[in-house]
Structures are given as C-alpha cells and as structure tokens.
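The structure appears below as structure tokens.
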There are 2 protein chains.
Amino acid sequence: MLNNQLPEDPDLDSVFQALADPTRRAILIRLCDGPASVSQLARPFAMSLPAILQHLQVLEGSGLVRSEKIGRVRSCTIVPAAVRRAEGWLSARRTAEERRLDRLESFLDSDDPPTTTTRSTP
Amino acid sequence: MLNNQLPEDPDLDSVFQALADPTRRAILIRLCDGPASVSQLARPFAMSLPAILQHLQVLEGSGLVRSEKIGRVRSCTIVPAAVRRAEGWLSARRTAEERRLDRLESFLDSDDPPTTTTRSTP
DNA sequence: AGAATACTTAAGCATGTGCTTAACAATCAG
DNA sequence: CTGATTGTTAAGCACATGCTTAAGTATTCT
C-alpha cells in the first residue's frame, strides 16, 4: 500500500530534524556571529571532534549551513535562506490559524448563536 | 565528563523534533482548519490508527497540540503559542544574522579595514 | 624532512523513532 | 443486551541517531 499522501515539501524534514538538537542549535547561534572553523565550533562543547563533524554534516545536509575548505581549515557559515524557509512554514501555520479564529469570531459576533457546539457560554 | 554547555531552552528539542516529520506537519496543517478527532486526522493517511496516535502523542508531548476526550471521541487542537515559540527562535536567528550583515556592511562602507580576521578575541 | 595542526573516516554501540499487528477498553445506537 | 464505532495498549521489528575511540589524510610550520 503506497503512501500517496503528503504533497508537502520533503526538504523541511531535514531542516527541522537538524534544528531538533541543542548542540546543532547552539552551533547555529554561534554562526550568527559570523563564519567559524570546525574546531572553533567544537571548542564550547564537551564532545569529540568527530561528533561535531557529524552535527555539521546534518546541518549542511539540511541546507542550514554551508562550508568550504580552505587549506586545512573548513569555514562554516549559516544560510539565512534556509532559516527563513523553516520560519516561513511556521508563520504560514500561525496565520492560517489566526484567520480561522477571525472567521470564528466574526461568526459569533453576528446575531444568531445557533446550538453553541464548542464551549457553551456560561 | 558532564556536558555543562547548552544553556538553551531544552523544550525546543521536542518541538522541532515533532515538526521533523511530514505526517505530523500534515496533521498540524489540518488542525489549522479547526479541531479534529483522531480518526478524522488519520483518514488521509495510508497508516494504521496506532501510528497516528503515536504521532499525536509526539505532537502533544511537544506542546504543539492539545487534546481532550469527550465521550469516545478525542478532540485535537493546535496550540498557537507553541508554534510561535518555534517561529520566534528562528526569527531571532534570522535577525541576529541580519544585524551582523548590517554591521559588516557599514564597516566595509567606512574607510579603514584593519586585519579582516573573524573574531580575534584573545 | 619531521612535527604539529586541523580535519576526516571507519567501526561499533546504546538508544530512539516510526511503523506494524493483535488484543483490549469504553461509549453510543438500536 | 448486542454490536458497531472510536480509541488505546502492548509487543516487536527495522532502521536512524548521537555518540565514542582509533586510525587515518592533508596542510602548514620549523
């Protein structure tokens, strides 16, 4: 049985997945201050360098971070567009829900409250 | 070796984790149109009911969804505040990065570029 | 060249995630 | 009461995740 649902942008999976870890979010916060090398990024954490590397690979795989190796140093930068895409999805949900509440409100503000299904006014 | 880093809000972990799945995001989109029962939420998916239940538990554990059982029907609703909290984190990153670019720009627009190193805090 | 630096790869391990099926409630309709 | 509807619990399985250590490679310094 094939799953022919979910017409949604599959790329957001990896973005939110990347955001779902405190180490990776801390790395992103750090990168907002400007580009950094792998060992600079690793310094604050009680974690091995390979572990940080793996976090960086997750971040890069999601598109939230880009990196380039120059000499023996890899320089990592945040990718604002990817951050905005995730933000945009949440923003769309928020506004959709707000629109619904507005419709509901203006419906209740009209005259005739017929069989108040949700929350009978006390 | 204890990990005494990461002074950040740990609750965002579960929020982003919940968002990192297309089924759960589709459920959230659906809930923007108003409350729904478990089987209503399950209907569009080629997936067993227990699977949907588990997704709902993840969503509820993250605070993105609240639910209440009335009779034999569980009614699920989205929690806008939780959506806004995730959105707010991303928004803060974006603005932080924009501020940095502004500083960089006005710095480059001025005359004297001294030692273009990133972060020379000794 | 030889040593230090900065990163990378590989393998392994414990735990978490996303499903499944089967069986078990609880409630409502006739 | 009987039976259909709606949801819940439990067990199990395949695979993903987040680390670790050990052993590389590539670059720069002296």
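Descriptive notes on the structure:
- Against the empirical curve 2.2 N^0.38 Å, the C-alpha radius of gyration of region A:12-107 lands at a ratio of 1.38.
- Other copies of A:Arg66: label-to-label distances in nm, shortest first, labels 7 Å along the beta-carbon direction: 4.2
- Each copy carries A:Gly88; placing its label point 7 Å along the C-beta direction from Cα gives inter-copy distances of 2.4 nm, listed from smallest up.
- When you count the other C-beta atoms within 10 angstrom of each residue and take the mean per peptide, B:97-104, A:27-34 line up highest first as A:27-34, B:97-104.
- Take A:Thr95: with every protein chain present and a 1.4 Å probe, its accessible area is about 50 Å².
The values are calculated or read from the model by the stated rules, or taken from the named source; none is laboratory data. None of the values given here were measured: they were computed from a predicted structure. Glycine gets a Cβ as well: all are built from the backbone with ideal geometry, and neighbour counts include every protein chain shown. These accessible areas exclude ligands, DNA and RNA; they are computed on the full protein's heavy atoms, side chains included. Shrake-Rupley method; radii C 1.70, N 1.55, O 1.52, S 1.80 Å.
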